[in-house]
1. Go through (1) at pLDDT below 95; (2) in contact with a strand residue (DSSP E or B) (Cβ under 8 Å, 6 or more places away or on another chain) one by one and return the number of the condition residue 39 breaks.
2. Quick one: count up the residues across segment 42-57 that are assigned to a helix (DSSP H, G or I), touching a residue at least 40 places away in the same chain (Cβ under 8 Å) and in contact with an Asp or Glu (Cβ under 9 Å, 6 or more places away or on another chain).
3. Do the conditions hold for residue 115, that is, is it in a strand (DSSP E or B) and of a type outside the set (Val, Ile, Thr)?
4. Looking only at segment 31-41, how many residues end up being farther than 15 Å from residue 114 by Cβ, in a loop (DSSP other than H, G, I, E, B) and not aromatic (Phe, Trp, Tyr)?
5. Scan segment 83-102 and give yes if some residue there is over 12 Å from the mean Cα position of the chain (by Cα) and not in a helix (DSSP H, G or I), otherwise no.
Amino acid sequence: MGRKIIAENIKLKRAYDEVHSGDGTRILVDRLWPRGVRKVDAAIDLWAKDIAPSTGLRKWFGHNPDRWTEFRRRYSEEMRQHRERLDELRALAQRGRITLVFAAHDAAHNDAVVLREILLGRSTSGAP
């Protein structure tokens, strides 16, 4: 990839948080649609469920912070199979703001955090 992505161009937001015009392109990065969120209210521009953690990995992790380091490694490894989608998201982030939308309660330990680091080219142990 060519140009570096400005960190401010990739935001993270829970699916249950209020939608703002400054969110830019809103991308849901979970495999499952967030419970209780109507599609019209979510204002999702792209549902990238193909890059969400596999069902097996998601269930193994269970949002357990004690498994965070290993989850990051395993999820980064899974991302190696989705280079085209990652390139698409990088291109969007180079053009302007994107917001990676997730449903997890824990804003610090979820797939969107790892995905943001990968898109920004930061080390996540095995990242593509």
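1. The one condition residue 39 does not meet is (2).
2. Counting residues in segment 42-57 that are assigned to a helix (DSSP H, G or I), touching a residue at least 40 places away in the same chain (Cβ under 8 Å) and in contact with an Asp or Glu (Cβ under 9 Å, 6 or more places away or on another chain) gives 1.
3. Here the answer is no, as residue 115 does not meet what is asked.
4. Selection size over segment 31-41: 6.
5. Taking every residue of segment 83-102 in turn, at least one turns out to be over 12 Å from the mean Cα position of the chain (by Cα) and not in a helix (DSSP H, G or I).
Residues are listed down the side, and each one gets a yes or a no for (1) surrounded by 16 or more Cβ atoms within 10 Å (Cβ to Cβ); (2) under 15 Å from the mean Cα position of the chain (by Cα); (3) more than 19 Å from residue 119 (Cβ to Cβ):
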position	(1), (2), (3)
6	no, no, no
13	yes, yes, no
20	no, no, yes
71	yes, yes, no
75	yes, yes, no
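The values are calculated or read from the model by the stated rules, or taken from the named source; none is laboratory data. Quick caveat, the model's predicted, so the values are computed rather than measured. Cβ atoms come from the backbone with ideal geometry, glycine included; neighbour counts cover every protein chain shown.
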